[in-house]
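Data first, discussion second: the structure below is written as structure tokens.
The values are calculated or read from the model by the stated rules, or taken from the named source; none is laboratory data. All of these numbers come straight from a predicted model, not from anything done at the bench. When we count neighbours, we look across all protein chains shown, and the Cβ atoms used for this are built from the backbone with ideal geometry, even at glycine. These accessible areas exclude ligands, DNA and RNA; they are computed on the full protein's heavy atoms, side chains included. Shrake-Rupley method; radii C 1.70, N 1.55, O 1.52, S 1.80 Å.
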Amino acid sequence: MAKKAEKTFFGHHYVVLDLETSGYEPEDGHFITEIAIIAVNGETLQVEAEAESFISPYGGEIIDQSALDVTGISRSQIESGEPFKNVVADLIELAKGLKNGKYNKPILVAHNSKFERKFLVHIFACAKRNLYDYFEVDMEDTMKMSRDRFYMEPKHDLSTVAGRFKLANDSSHRAMADTKITYSVFVAFKSQFRQMKTAMVGGTKSRRFRDTFKFPI
């Protein structure tokens, strides 16, 4: 009897993340103070891995005290954080492990991805690496998903969007708490999209969706 061929997934895997920073602009010397990620299987939308870390200063020593006040992160926690080159190296190894086939690099996911993007590009550049050598250029943005799906609604902050899906919301403006909420929101949107797409396929059974990590704590 011929061996049954294993099902092949042709899409991308995901890395959901959230950053806490020392201010608003990397060009002004602000830097990432804390990072959290959740690696997601693109086929099942299940969690593959998660990690978080404080990051010691690397792009300057400018820290906006109001940014620390919002998160409750202390200067001592930042100063004792992981060196930024180690964090970039870990993200690269993660991306390599999640790459699917020759071309499908993992896709980054964030809420208001424009903010995360500029800080990620900067930290990779400081490590003399290019973010897009390891991750897809296009990011998934749960804020944009909300604006597309709930276009009549005036607010699209993470807590409000989570509330629309009746998701538990323990956001404390800390990286991992917000990453977990972003992941839940992302899965809710993706699941809705996949259900709609399956319905459009109708009676056919064919479906195709193109859609060792460490951070010492």
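Evaluated on region 106-177, the Kirkwood hydrodynamic radius is 13.8 Å, with distances taken between all distinct Cα atoms.
Rounded, prolate or oblate: pick one for the chain, where a ≥ b ≥ c are the square roots of the eigenvalues of its C-alpha gyration tensor, a/c under 1.5 means rounded, and failing that, prolate if a/b is larger than b/c, else oblate.
Oblate is the answer for the chain, as a/c is 1.5 or above yet b/c matches or exceeds a/b.
The solvent-accessible area of His156, taken with every protein chain present and a 1.4 Å probe, is close to 20 Å².
How much net charge surrounds Asn112 when only other residues with a Cβ under 9 Å from its Cβ are counted (Lys, Arg +1; Asp, Glu -1)? Around Asn112, the surrounding residues sum to -1.
Where does the charge balance sit around Ile38 when Lys and Arg score +1, Asp and Glu -1, over other residues with C-beta under 10 Å from its C-beta? Its environment carries a net charge of -3.
Scalar couplings 3J(HN,Hα) for region 23-32, obtained by applying the Karplus form with A = 6.51, B = -1.76, C = 1.60 to θ = phi - 60°, are x, 10, 9, x, 5, 9, x, 6, 9, 6 Hz; x denotes Gly and Pro. Only Cα sites of region 48-134 enter the Debye sum here, all with the same form factor; the resulting log10 I(q)/I(0) across q = 0.19, 0.21, 0.23 1/Å is -1.03, -1.21, -1.37, listed in q order. Helical runs assigned H by DSSP (4 residues or longer) give the chain a calculated mean residue ellipticity at 222 nm of -12000 deg cm²/dmol, each run adding -39500 (n - 2.57) before division by the residue total. Summed over the residues of the chain and divided among them, the accessible surface reaches 56 Å² per residue at a probe radius of 1.4 Å. Computed from the C-beta positions of Lys166 and Glu43, the FRET efficiency with R₀ = 30 Å rounds to 0.75.
Computed from backbone phi, the HN-Hα couplings of region 45-60 come to 6, 8, 6, 9, 6, 8, 7, 8, 6, 6, 10, 6, x, 9, x, x Hz, rounded to whole numbers (Karplus: 6.51 cos²θ - 1.76 cosθ + 1.60, θ = phi - 60°; Gly and Pro given as x).
In the structure shown, the pairs Lys118/Lys190; Lys96/Lys155; Lys96/Lys166; Lys128/Lys190; Lys114/Lys180 are assessed against 28 Å; a Cα-Cα span above that value is assigned to Lys96/Lys155; Lys96/Lys166; Lys128/Lys190.
Of the solvent-accessible surface of region 27-142, computed with a 1.4 Å probe over protein heavy atoms with every protein chain present, carbon and sulfur atoms account for 47 percent.
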